[in-house]
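Reading through the structure tokens given below for one structure.
The values are calculated or read from the model by the stated rules, or taken from the named source; none is laboratory data. Just so we're clear, the structure is a prediction, and the values are computed from it rather than from any experiment. With ideal geometry, Cβ positions are generated from the backbone for all residues, glycine too; neighbour counts draw on all protein chains shown. Accessible surface areas use protein heavy atoms only, side chains included; no ligands, DNA or RNA. Shrake-Rupley method; radii C 1.70, N 1.55, O 1.52, S 1.80 Å.
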Amino acid sequence: METEGRRREVVVSSLQFACSDDISTNVAAAERLVREAHAKGANIILIQELFEGYYFCQAQREDFFKRAKPYKNHPTIARMQKLAKELGVVIPVSFFEEANTAHYNSIAIIDADGTDLGIYRKSHIPDGPGYQEKFYFNPGDTGFKVFQTKFAKIGVAICWDQWFPEAARAMVLQGAEILFYPTAIGSEPQDQGLDSRDHWRRVMQGHAGANVVPLVASNRIGKEIIETEHGPSQITFYGTSFIAGPTGEIVAEADDKSEAVLVAQFDLDMIKSKRQSWGVFRDRRPELYKVLLTMDGNL
């Protein structure tokens, strides 16, 4: 909280754990780690993407739509609201949303008093071997959003969104002081020799550095096998969750196999001064960026 004569400091946390395919087991694991992060002083705690179960998008299966639930009265969101209020922490909660005939990869932002501040729906939807999200999810319609929480104004995007610098810039332009990215990413079923973890991290470190804000990324670990119409598909999720500082530097990181609770503290007023003085927002030329509104680069 901002107090006259004191620095405005916040402690952020990234959680990392292996999921089973049982909702109650996974939600209990998330709650246990949220409590551990709180015990370490965390104010804003990020749980990984779609943590209620296995990452089901390895397969295109009609029965997996049963995993979706409406946003209103969602049981996991309600449980996390109760937990957030008890501990006085902010918790973004990822879930598979059913909205009438539409389905979204969504995240609800729960403030430190348990208030639901609203949702963001994933904008960029991947479609490739092992990551066939277009079968399940409509492209998000919320636009990029920021949320004023008790401790900071935050921007939250989801997994594949992390590869797009436009998303990070849009959130910081709207006042985001910290960026959060819950993720589910690992091996590639079609090419076990392909390992994107370093690329994945460097891109997000660039978002932090280019926008002069801290960034928190949470990924899962463990091996998950999903039955598809072509037989079993397997992904080994590579974890390596991390927290980056405002120049893109790594300040906390997990390995690729272990459950983890990462924490880092930031002085938001000091970072704000750095962001203002560095000039990357002062010297922007949005009138020259119209090409970004095209698909082929031709105006």
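General remarks:
- From the options Val34, Val89, Val11, residue that is crowded, with 18+ Cβ neighbours inside 10 Å, touching a residue at least 60 places away in the same chain (Cβ under 8 Å), within 20 Å of the chain's Cα centre (by Cα) and farther than 30 Å from Glu188 by Cβ: Val11
- Which numbered condition Glu97 misses (of (1) of a type in the set (D, E, K, R); (2) farther than 25 Å from Val172 by Cα; (3) surrounded by fewer than 19 Cβ atoms within 10 Å (Cβ to Cβ)): (3)
- So Glu62, is it more than 28 Å from Lys40 (Cβ to Cβ), surrounded by 14 or more Cβ atoms within 10 Å (Cβ to Cβ) and of a type in the set (Asp, Glu): no
- Flag for Ser106 being open to solvent by 10 Å² or more (accessible area, probe 1.4 Å), of a type outside the set (Asp, Glu), without any contact (Cβ under 8 Å) to a residue 60 or more places away in the chain and within 25 Å of Glu224 (Cα to Cα): no
- Of all residues in the stretch 245-269, those satisfying the criterion of being of a type in the set (A, V, I, L, M) and touching an Asp or Glu at 6+ places or on another chain (Cβ under 9 Å) are Ala260, Val261, Leu262, Leu268.
- In the stretch 156-178, the qualifying residues are those that are within 20 Å of Val11 (Cα to Cα) and touching a helix residue (DSSP H, G or I) at 6+ places or on another chain (Cβ under 6 Å), and the one that is surrounded by the most Cβ atoms within 10 Å (Cβ to Cβ) is Ala157.
- Evaluated against (1) touching an Asp or Glu at 6+ places or on another chain (Cβ under 9 Å); (2) under 30 Å from Val212 (Cβ atoms); (3) surrounded by fewer than 22 Cβ atoms within 10 Å (Cβ to Cβ), Ala112 falls short on exactly one condition, (1).
- When restricted to residues that are surrounded by 19 or more Cβ atoms within 10 Å (Cβ to Cβ) and among the hydrophobic types (A, V, I, L, M, F, W, C), the stretch 184-204 contains 4.
- Here is the figure for the stretch 149-174: residues that are assigned to a loop (DSSP other than H, G, I, E, B) and under 24 Å from Pro139 (Cβ atoms) total 4.
- Close pairs (9 angstrom Cβ cut-off, 6 or more residues apart or separate chains): on the phi > 0 side of the Ramachandran plot in the stretch 43-67, of a type in the set (Gly, Ala, Ser) and open to solvent by less than 10 Å² (accessible area, probe 1.4 Å) anywhere: Leu50/Ser94; Leu50/Ala184
- Among the criteria (1) open to solvent by less than 50 Å² (accessible area, probe 1.4 Å); (2) part of a loop (DSSP other than H, G, I, E, B), the one Asp21 does not fulfil is (1).
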